[in-house]
Amino acid sequence: MYGEHTFFLDGHGLNIVEPTETSEAGMTSEAGMQSAKVVNLANWSDANPNRLEAHEPEPTDVVVIVGSRH
């Protein structure tokens with residue numbers, strides 16, 4: 001249903017991480033590093049999380065740096 005993404009659940013609901021342009025995130029590029037934005041796809045239905053309600057993807061303000069360390 002959500003495509004080929006890594007997804008995770010948190011207190012806000014169902015989220016995915018989408019790659020973003022380095023300049024869009026306002027960060028400088030480092031070798032092997034890429035920035036990504038957390039996008040919310042569904043929220044919990046009530047205060048006692050037991051069901052998700054899907055909605056249009058909503059980008060959040062959360063930006064993460066992804067890359068590998070050796």
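All of the numbers you see were taken from the coordinates with simple rules; none came from a lab. Values in this document were obtained by computation on a predicted structure and should not be read as measured data. Virtual Cβ from ideal backbone geometry, glycine too; neighbours counted across all protein chains shown.
A few remarks follow.
- Protection proxy ranking, peptides 50-63, 33-46, average beta carbon neighbours within 10 Å, highest first: 33-46, 50-63
- Amide hydrogen neighbours beyond the local backbone of THR20, cut-off 5 Å, H modeled: SER35, ALA36, LYS37
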